[in-house]
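**Q** Submitted below is the structure of interest, expressed as structure tokens.
The values are calculated or read from the model by the stated rules, or taken from the named source; none is laboratory data. Not measured: the values here are computed from a predicted model. Here the Cβ positions follow ideal geometry from the backbone for every residue, glycine too, while neighbour counts run over all protein chains shown.
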Amino acid sequence: MTDKIGYTRKGDIAVLRISNPPVNALSHAVREGLVAGMDRAEADDGVKAVVIVGDGRAFIAGADITEFGKTPLEPFLPDLCKRIEDSPLIVVASLHGVSLGGGLEVALSAHYRIAQPSAKVGLPEVHLGLIPGAGGTQRLPRLIGVDAALDLITTGRQVKADEADRLGIIDEITEGDPEEVGLAYAEKLVASNAPRRPISEMEAPDPIDWDAAYDGTLKKGRGQISPAQAVRAVQASVELPFHQGMQAEREMFMDLMRTDQRQGMIHAFFSERAVGNLPELKGVEPRALQSIGIIGGGTMGAGIATAALLAGFNVVLIEMKLDASEAARARISGNLSGALKRGKISELQFKTLTTVALEVSINYDSLASVDLVIEAVFEDMAVKKDVFGKLDAVC
């Protein structure tokens, strides 16, 4: 056992609690601890079922991103999932928060799944240029069918508990403490002599037109390889015995690991997170936002101005010429008239927004005191350079 996995026994049920803040990522210590926890439960005389539950705000949010690029250490995730699924005990995954990527693959290796109403599940690996690599493309189609599995795997979208329940990913939704909910469900399964239910032993789903699905997914992905490759991995789940399908999935996963696309998408993943944590911004209080300047009063600029006004901000909109400024004012008034007719604002609010909160001007000096400026001018670089030159003088 490791300090990342707690082991307790409640009657004839063993509870494995994952504790790897903040989101219980599948680090080496977590994988190692779960294997040791399964070993301990099976050696613990009288234990009939195991409940796997996450501490904190999630079941398992996915892979440990701090291990990206490092040499992986055993037990590898596919082996952990096989170890859980092969247990002679009934294994229940009690889900809350998010169960994504490897987190959902661990849950799919359990024999039963129960979830909180607010839980979300998904296989987002395609957003990193990969496919699920620990049985996601092999188990999910057996559980919910090819079409539904392809939708989730090739888009990487997350689904809420109610949709996951309708699809058949989870077996029951119950609100409460995840451990208590999981225990009660496991006790019910044991009392009713429910069988183990490994997904790997379920029948393979019906085939589809694989080439058409591959071509359509590749076209929809605009050249991204991983979603289309996921189609071939799901195809393997239909055409091959489970263990051979797992081998095929792993080979495809490792091939994608070596692609430039995967490297670029991983780089973007880390870069997006880095820019949200700039050391220069430590301790800096954001400026209070009360007034917004918008340059350009066309369809886009007027729409942004309308949204800002309805959100409670004062707006200064700049246009180049007087007739253009009046046209912009008319667009915004028209938008707000629609809100008035739908009952979203009162007549008094309409008058206040169009006369007090909104200023339309052709003078850049009007932007001197705004807190934020949004540029929404014509897509022409010379025009944009002119705009930012003027902004530089007043903001």
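**Q** Could you run through region 55-81 and say how many residues are under 17 Å from residue 38 (Cβ atoms) and crowded, with 20+ Cβ neighbours inside 10 Å?
**A** Number satisfying all stated conditions: 6.
**Q** What strands (runs of 3 or more DSSP E) completely inside region 1-98 contain at least 2 residues that are farther than 27 Å from residue 160 by Cβ? Walk me through it before giving the result.
**A** Values: elements: 5-10, 13-18, 49-54, 90-95.
The qualifying strands (runs of 3 or more DSSP E) are 5-10, 13-18.
**Q** Here is a further query. Can you spot a residue in region 7-27 that is of a type in the set (Val, Ile, Thr), surrounded by fewer than 21 Cβ atoms within 10 Å (Cβ to Cβ) and modelled with pLDDT under 95? I'd like the intermediate steps shown before the answer.
**A** If we filter region 7-27 for residues that are of a type in the set (Val, Ile, Thr), which is where we start, we get 8, 13, 15, 18, 23.
Going one step further and asking which of them are surrounded by fewer than 21 Cβ atoms within 10 Å (Cβ to Cβ), we end up with 8, 23.
Remaining after also requiring modelled with pLDDT under 95: 23.
Yes: region 7-27 contains one or more residues that are of a type in the set (Val, Ile, Thr), surrounded by fewer than 21 Cβ atoms within 10 Å (Cβ to Cβ) and modelled with pLDDT under 95.
**Q** Okay, next question. Report the residue count in region 127-159 for those that are modelled with pLDDT under 95 and part of a helix (DSSP H, G or I).
**A** Selection size over region 127-159: 2.
**Q** For region 321-339, give me each residue that is surrounded by fewer than 16 Cβ atoms within 10 Å (Cβ to Cβ) and either assigned to a loop (DSSP other than H, G, I, E, B) or within 33 Å of the chain's Cα centre (by Cα) (or both).
**A** Within region 321-339, 321 is the sole residue that qualifies.
**Q** Here's something else I'd like to know. Among the listed residues 332, 362, 318, 345, which satisfies the condition of being touching a strand residue (DSSP E or B) at 6+ places or on another chain (Cβ under 8 Å), free of Cβ contacts under 8 Å to residues at least 40 places away in the same chain and on the phi < 0 side of the Ramachandran plot? Reasoning before the result, please.
**A** Details: 362 fails: free of Cβ contacts under 8 Å to residues at least 40 places away in the same chain; 318 fails: free of Cβ contacts under 8 Å to residues at least 40 places away in the same chain; 345 fails: touching a strand residue (DSSP E or B) at 6+ places or on another chain (Cβ under 8 Å).
None of the others qualify; the one that does is 332.
**Q** Mind checking which pairs have a first residue in region 274-298 that is basic (Lys, Arg) and a second that is at pLDDT 85 or above, Cβ under 9 Å, 6 or more apart or different chains?
**A** 287/371; 287/372
**Q** Whether any residue in region 318-326 is modelled with pLDDT of 90 or more and touching a Lys or Arg at 6+ places or on another chain (Cβ under 6 Å) is what I want to check.
**A** The answer is no; no qualifying residue exists.
**Q** Something else about it: How many of the residues in region 239-275 are within 22 Å of residue 212 (Cα to Cα) and part of a helix (DSSP H, G or I)?
**A** 7
**Q** Still on this structure, please answer the following. Output the residue which, of all residues in region 340-361 that are surrounded by 14 or more Cβ atoms within 10 Å (Cβ to Cβ) and either of a type in the set (Phe, Trp, Tyr) or assigned to a loop (DSSP other than H, G, I, E, B) (or both), is farthest from the chain's Cα centre (by Cα).
**A** The extreme case among them is 350.
**Q** Okay, moving on. Taking residue 167 as the residue in question, decide whether it is free of Cβ contacts under 8 Å to residues at least 24 places away in the same chain, assigned by TED's automatic domain parsing to the domain that holds residue 191 and in contact with a strand residue (DSSP E or B) (Cβ under 9 Å, 6 or more places away or on another chain). Write out each step before concluding.
**A** Numbers: free of Cβ contacts under 8 Å to residues at least 24 places away in the same chain: yes; assigned by TED's automatic domain parsing to the domain that holds residue 191: yes; in contact with a strand residue (DSSP E or B) (Cβ under 9 Å, 6 or more places away or on another chain): yes.
Yes: the conditions hold for residue 167.
**Q** Does residue 223 meet the test of being among the small types (Gly, Ala, Ser), more than 27 Å from residue 79 (Cβ to Cβ) and in the same structural domain as residue 147 (by TED's automatic domain parsing)?
**A** Yes: the conditions hold for residue 223.
**Q** Provide a single number: the residues in region 203-238 that are exposed (fewer than 13 other Cβ atoms within 10 Å of the Cβ) and outside any loop (DSSP other than H, G, I, E, B).
**A** The initial filter retains those residues of region 203-238 that are exposed (fewer than 13 other Cβ atoms within 10 Å of the Cβ), namely 203, 206-207, 209, 211-212, 219-220, 222-223.
Pick out the ones that are also outside any loop (DSSP other than H, G, I, E, B) and you get 211-212, 219-220.
Matching residues across region 203-238 total 4.
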